[in-house]
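Comments concern the structure below.
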Amino acid sequence: MKAVYATGTNYDDPLSVLEVGTMPEPETKPFWSTIRVNSASVNHHDVWSLQGVGLSDEQTPMILGTDAAGVLEEDIPVRKGLKAGSEVVLYTFVGTDGAGVMPGERRSILSERYAGTMAEYTQVPSANVFAKPANLNLDEAAALGTSWLTAYSLLFASANVKPGDTVLIQGAGGGVSTAAIQLAHAAGLEVFVTSRSEDKRARVLQLGADAAFETGARLPRKADAVIESVGAATWSHSVKSVRPGGTIAICGATTGDQPGAELTRIFFQDIRVQGNTMGSREDFARLLKFVEHADLHPVIDSAYAIDDAHLAFSKIANGDVFGKIVLHI
């Protein structure tokens, strides 16, 4: 089958080890389901894998991809309504609860231990297959597994915000930040967003942000929570912008993970810092219902044919995106 995969790892030139070619189709195994992939979104995780973060040379060649939407190949007997031919989306964390693997297996995301989603066919534990929200097309649904699940968990589990709270979302344009803006607005939150780009500041207002500011700008009031995925470039601003007793929920560090900690301000103001990697299967199920009920649509920056994977990955690596990049498999 045709697939996008890492032939090795290269920290300084990750795209040099990116290949589009032929890989073996997945073999049937108990309690796993096979999906014919239609759309797979590209994430920073995929670039990090090429750099050797979470993936070693010994594990390559490895099919990349942590998100997918497609068509179920066979019935799942214990899941009502999920029959062969159903359009589905995937929860791609494996090993969180023993579903499809031995109990106690360390958690991983597809493309770390098990083959990823950027292929004509992929597999996940059957418990990880969900019906596609009826209001979304397959490209939009392919954005939900990593970015949207992460944003949902950051807001409603890690930050534990409530309707009427104020949330600051650092950085505009990426998959997590655009998802967080839409989810927070739909949930009745006051949404502040920062960006260095004037164009992106204008676009986030159209997504539901209440105000957009230059990166590092003083806010009109402190936020109850900050959604932080930028890292070193915005960390100090996040610490200064959250109210005493508030929460900084962090899921990434695209500009570096070694900022000054500002520990005095954190402990003196009782600020809680909460890490977050994606979310639970239960969170994913709730997210799908929320997206369908509120008729939310992930922002798609652009879509590429599988043969143009290098172009899609280049956009992610350069940060030249607003929303999600999708590959048509």
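Assorted remarks:
- Heavy-atom accessible area per residue - region 39-98, 1.4 Å, Å²: 38
- Working note: Karplus 6.51/-1.76/1.60 with θ = phi - 60° gives region 296-305 the couplings 8, 10, x, 7, 9, 5, 6, 10, 10, 5 Hz, where Gly and Pro are set to x.
- Other residues lying with their Cβ under 11 Å from the Cβ of T215 contribute a combined charge of +2, Lys and Arg counting +1, Asp and Glu -1.
- Accessible area (Å², 1.4 Å probe, nearest 10) - I329: 50
- Surface composition of the chain: carbon and sulfur make up 50 percent of the accessible area, probe 1.4 Å.
- Rounded tilt (10° steps) of 281-293 against the dominant C-alpha axis of the chain: 80
- Near I300: Cβ cut-off under 10 Å, other residues only, Lys/Arg at +1 and Asp/Glu at -1. The net charge is -2.
- Reported label for calculated volume of the Cα convex hull per residue in Å³ given (1) 113; (2) 147; (3) 129: (3)
- Beta bridges by DSSP in the chain, antiparallel share as percent, to the nearest 5: 55
- Computed over protein heavy atoms with a 1.4 Å probe, the accessible surface of region 123-244 works out to 33 Å² per residue.
- Of the residues K2, K289, K200, K162, the one with the largest accessible area comes first in the ranking K289, K162, K2, K200, computed with a 1.4 Å probe on protein heavy atoms.
- Sites listed here are trypsin sites (Lys or Arg not before Pro) in region 24-89 whose DSSP assignment is loop and whose Cβ has at most 12 other Cβ atoms within 10 Å: K80, K83.
- Cα-based Rg / Dmax (Å) for region 1-130: 14.5, 47
- Compared with the dominant principal axis of the Cα atoms in the chain, helix 309-318 is inclined by about 20°.
- With all protein chains modelled, accessible area of V71 [1.4 Å, Å²]: 30
- Helical contribution to [θ] at 222 nm, DSSP H n ≥ 4, -39,500 (n - 2.57), averaged over the chain, rounded to 500: -6000 deg cm²/dmol
- Here, region 119-177 is characterised by an Rg to Rh ratio of 1.04, where Rg is the alpha-carbon radius of gyration and Rh the Kirkwood radius.
- Accessible-area ranking of V204, V78, largest first, probe 1.4 Å: V78, V204
- In this structure M102 has an accessible area near 140 Å², from a 1.4 Å probe over the protein heavy atoms.
- Residue-count net charge about E140 - beta-carbon cut-off 14 Å; Lys, Arg +1, Asp, Glu -1: -4
- Solvent exposure, largest accessible area first (probe 1.4 Å, DNA, RNA and ligands not counted), of W148, W235: W235, W148
- Given the chain, longest segment not containing exposed loop GluC sites (Glu not before Pro) (DSSP; at most 12 other Cβ within 10 Å): 28-213
- Scalar couplings 3J(HN,Hα) for region 147-161, obtained by applying the Karplus form with A = 6.51, B = -1.76, C = 1.60 to θ = phi - 60°, are 5, 6, 5, 4, 4, 4, 5, 4, 6, 9, 10, 5, 7, 6, 6 Hz; x denotes Gly and Pro.
- Using alpha-carbon coordinates, inclination of helix 198-207 to the longest axis of the chain, degrees: 70
The values are calculated or read from the model by the stated rules, or taken from the named source; none is laboratory data. From a predicted model like this one, the values you see are computed outputs, not experimental measurements. Glycine also receives a Cβ, built like all others from the backbone with ideal geometry; neighbour counts cover every protein chain displayed. In case anyone asks, the SASA skips ligands and DNA or RNA and just uses the protein heavy atoms, side chains included. Shrake-Rupley method; radii C 1.70, N 1.55, O 1.52, S 1.80 Å.
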